[in-house]
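Encoded as structure tokens, the structure appears first; notes follow it.
The values are calculated or read from the model by the stated rules, or taken from the named source; none is laboratory data. Model, not experiment: these values are computed from the prediction. Glycine also receives a Cβ, built like all others from the backbone with ideal geometry; neighbour counts cover every protein chain displayed. The accessibility values were calculated without ligands, DNA or RNA, using every heavy atom of the protein model including side chains. Shrake-Rupley method; radii C 1.70, N 1.55, O 1.52, S 1.80 Å.
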Amino acid sequence: QVQPVEFGGGLVQPGGSLRLSCAASGSIFSISAMGWYRQAPGKQRELVARITSGGYTIYADSVKGRFTISRDNAKNTVYLQMNSLKPEDTAVYYCNKAPNPLLTWGQGTQVTVSS
């Protein structure tokens, strides 16, 4: 069973930037739509950005204009560039297929936005 591995999180001040990466092995990666999800304490996991195999992107309203999702099919990797971060972006970030997360969830990477 393919399990993504996410990394790149950390502690950042409001207004700062982070770049997350997600590596997912398997030949299916290049033909799958992938997404970044996040789960804040006490809240349900939500899909914040997704990208089709051809590079078409869709964003949640809460991150539109601040986050950019991209992918490198040759490296089986999906990225999330996060700019102008806000305290409400604090969450554990995960990647998975999108919009239906059919892969086993990885450990995620913690993003904390705080001064």
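Counting heavy atoms of the protein chains only and a 1.4 Å probe, report the per residue accessible area for the chain as a whole number of Å².
52
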(message) Probe radius 1.4 Å, ligands and nucleic acids left out: which of Leu103, Leu11 has the largest accessible area, and how do the rest follow?
(response) Leu11, Leu103
(request) In a Gaussian network model over the chain where Cα atoms closer than 10 Å are linked, find which of Tyr56, Tyr37, Tyr79 has the largest mean-square fluctuation. (result) Tyr56
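Might you report the magnitude of the Cβ-based charge dipole of the chain about its Cα centre, with Lys and Arg at +1 and Asp and Glu at -1, to the nearest 20 debye? Please report the intermediate quantities before stating the final value.
Values: 11 positive and 6 negative charges, 18 e Å.
Its charge dipole is roughly 80 debye.
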(request) Determine the gain in length on full extension of the stretch Leu11-Ser114; use 0.36 nm per residue of separation and subtract their C-alpha separation, reporting nm with one decimal. (result) 36.4 nm
(request) Quick one: pull the percent of accessible area on the chain belonging to carbon and sulfur, 1.4 Å probe, ligands and nucleic acids left out. (result) 49
(request) Starting from one equal scatterer on each C-alpha and no solvent at all, send me the Debye-based log10 I(q)/I(0) for the range 27-106 at q = 0.27 Å⁻¹, two decimals. (result) -1.44
(message) Between Gln13, Gln44, Gln81, where does the largest GNM mean-square fluctuation fall for the chain, given springs only between Cα atoms within less than 10 Å?
(response) Gln44
(request) Would you kindly derive the ³J(HN,Hα) couplings of the range 70-80 from the backbone phi angles with the Karplus curve 6.51 cos²θ - 1.76 cosθ + 1.60 (θ = phi - 60°), listing them in order in whole Hz, with x for Gly and Pro? (result) 8, 8, 10, 5, 5, 9, 6, 10, 10, 10, 9
(request) Can you spot the lysines whose alpha carbon is less than 24 Å from Lys75's alpha carbon? Ignore those fewer than 8 places along the same chain. (result) Lys97
(request) Kindly report, to the nearest 10 Å², the accessible surface of Thr57 as traced by a 1.4 Å probe over protein heavy atoms only. (result) 50
